[in-house]
Amino acid sequence: MSILFQHPALLGLLALAGLPLLVHLLSRAKPPEYRFSNVEFLRRITRLTARIRRPKDWLLLALRTLALLLLAAAFSLPLLVSDSAPLPGEASTVVIMIDRSASMAARDHGAASRFEIACAEASNYLDSLKPSHANLVWIDAEPDSAFPAPGPNLSYLTDLLKQSEPEQESGALASAFDLALRQFGTIQGRRELVVISDFQANAWKDFHPSLPKGLKLKIRKVADEAPPNFAITRLLCQPTEPVAGQDITILANVRSYASEPVRTQVTLNAGGSRQSQPVDLAAWGEAEIAFKVKSANAGSLPVTVSLEGDSFPGDDARHSVVHVRGAIRVEGAVQHSIQRVIANLPWLETTPKAADGDLLVIPNWDGADLDALQKKAASGITILIHSAQSWPNSPTPLSLEHSESGWQILPSESHPAVGMFRSGDFGNPFAGRFHERIPLSPIPGAKSIATYEDGVPAIFEIPTPGAPILVMNLSLDPGQTDWTEKSVFLPALAEMLLRTRPASQSEAAQLPSGSRLSYVSTEPEQTNSISLIGPDSNLLELREATTADGVQWQSIASSTPGMYQWQISGQAIEFTAVNFPVSESDLRPLPEAPSFGIDSSTEHSLERLAAIARGIPLWPWLLLASLLALAAESLFLTRFAKF
């Protein structure tokens, strides 16, 4: 801090502070005449008239001198200014970065949100500082600025601050800082960057931008604590693409960002069908809720899971779209037993094109090309191997073994493919005798579905990143087993195919908030009939473009969380789920605002900072102090006049 005098020429008035001293030295009261015979009385009179030597006059002298000094200093109009304040007449450019990511909508202390506090601080700062040029840069998923370059129109910026609202998306910090630094370009003079944010720990803890030297950095942290919050953080559908009529498991992860335990209600809405479950959350804990639904028809099934509202409602719901298949398409060499299964299950059908299949059936496998099969399964196609003749990578050569009496097969106690039979009401799903097998040892990493009574693997699943490989170490030839003639054969194989459908817990049907939604059509007649309906049933504006895949429609505005519906002539053709960013649910800020490795200052009030930069007038305080000094002198004279 330093003091700047607006009228330094008037500092010469300080010389007037010497007047009280001259008055005290030169002004002596004329002593009265008395007749005394003793000179001792004259000495006493001399001491009484020598005023400058009396202790009480030193105090009067100091008070009068101080009053004149303060009054003379007030006439020079001094200002208390910051050491980093611009010099008089110096051009200044200010770029204010304001965080408008989702966490800024939190309300820490009552009615005003973090974003509202940030905008008010920025507006007051501009009004108080009045820089030569200024600009605003928003920190959100797609950072942008109010002007292409800093400009002098401060009133437009303050009006924009009053109208703006936070976005329900994450902030792209690196892009925002890059945009803010480009604003300065080759600008000369004082350059100042102001960052206003809640400095949410998830977003800022590992962010370390590189800032140029000579840039003045001001930081304003608008959050000191985190209000309690509860969120749906994940929504998964198993299987990813179920078949019409198949049970679908909806898994919702609920998390608490609060220091106290709570009970809340979680509600599922699946295509208009609603279910609710209570959930107990420990402090800073999480829980998983499972719902069971079923879709009778093929098509897109919109799913929303929500919880009771709290003070931060943005993350209280999560959305997904389940694509229900009409049938599983079977490719490969289909033997009589498998053909009978296909004929009796409406959700199975054969396809002549290998590229269109969902299930590849391989009978009499000789153990060749296991790597190629694993790659195919990883792409999402289930592989069903039965009547295998050998097994690759075996320590010793394996050959088929036969039993006249046959072996029995026992179901696994934990695999979901046999869960329907676990109660015993439907008997053993693998009832019958099996006369041909390979004497396999347990396969590392495989999931057992059934084993022979002597422990040899009978049916097992080899997981891959996409779909599984199902291996049936048995023959479906009626001459080698009577299982295919049993009543349990059809439901057992159906359950096995359904329960081993790809269930990779994919969230591909969910887009993050801030995304641009798009739909591609290869039908030219749909050009004028495509529309997009938002979560509030409002019609959204689209732009059309021709691509190599067909005509693409894309939303112009960035998306907010909710369920969107693509329509052709008013009929729904597809749903798109947009979700709140999970990283924004934890509202805890950094303990301290970051400094970014350069000379910066963290402020509790930008308005106060602007006032100091502009200069705080000291003359009213000097004038008041001068009056107080004169009042003290008057009081002193009144009280001690008798002495």
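Figures for the structure shown
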| quantity | calculated |
| --- | --- |
| Long-range HN-HN contacts of Glu574 with modeled amide H, under 5 Å | Trp566 |
| Accessible surface of segment 120-272 [probe 1.4 Å, protein heavy atoms]: carbon and sulfur percent | 45 |
| Modelled FRET efficiency - R0 60 Å, Lys447 with Ala111, Cβ distances, 0.05 increments | 0.60 |
| Gyration tensor verdict on segment 332-476 (Cα atoms; rounded if a/c is under 1.5, prolate if a/b is larger than b/c, oblate otherwise) | rounded |
| Per-residue HN-Hα couplings for segment 271-286 [Karplus 6.51, -1.76, 1.60; θ = phi - 60°; Hz; x = Gly/Pro] | x, x, 8, 10, 9, 9, 9, x, 9, 9, 10, 6, 4, 6, x, 8 |
| Estimated distance in nm for a label pair at His208 and Asp247, the labels positioned 7 Å out from Cα along Cα-to-Cβ | 5.2 |
| Contour excess over end-to-end distance, with Cα ends at Glu401 and Ala290 and 0.36 nm allotted per residue | 35.5 nm |
| In range of the label at Ala91: residues from segment 164-203 whose backbone nitrogen is under 16 Å from the point 7 Å along Cα→Cβ | 183-192 |
| Percent of beta bridges antiparallel (DSSP, segment 136-273, rounded to nearest 5) | 65 |
| FRET efficiency, 1/(1 + (r/R0)^6) with R0 45 Å, evaluated for Ala548 and Asp127 via beta carbons | 0.30 |
| Rounded FRET efficiency, nearest 0.05, which uses the C-beta distance separating Arg182 from Ala120 and R0 of 41 Å | 0.95 |
| Rounded Å value of the spacing that divides the Cα centres of segment 135-150 and segment 158-178 | 7 |
| Inter-probe distance in nm under a simple model that places probes 7 Å from Cα toward Cβ, at Phe636 and Glu142 | 7.3 |
| For Arg234, distant residues with modelled amide H under 5 Å away | Asn253 |
| For segment 292-415, share of DSSP beta bridges that run antiparallel, in % to the nearest 5 | 40 |
| Protection proxy ranking, peptides 303-311, 482-490, average beta carbon neighbours within 10 Å, highest first | 303-311, 482-490 |
| Integer Hz, Karplus 6.51/-1.76/1.60 couplings in order for segment 566-580, x for Gly and Pro | 8, 10, 10, 6, x, 9, 5, 10, 6, 10, 10, 9, 10, 10, 5 |
| Three-way shape label, segment 423-502, alpha-carbon gyration tensor, a/c 1.5 | oblate |
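The values are calculated or read from the model by the stated rules, or taken from the named source; none is laboratory data. On a predicted model such as this, the values are computed, not experimentally measured, just so you know. Reconstructed Cβ throughout: ideal geometry from the backbone, glycine too, with neighbour counts over all protein chains shown. SASA here: full protein model, heavy atoms, side chains in, ligands and nucleic acids out. Shrake-Rupley method; radii C 1.70, N 1.55, O 1.52, S 1.80 Å.
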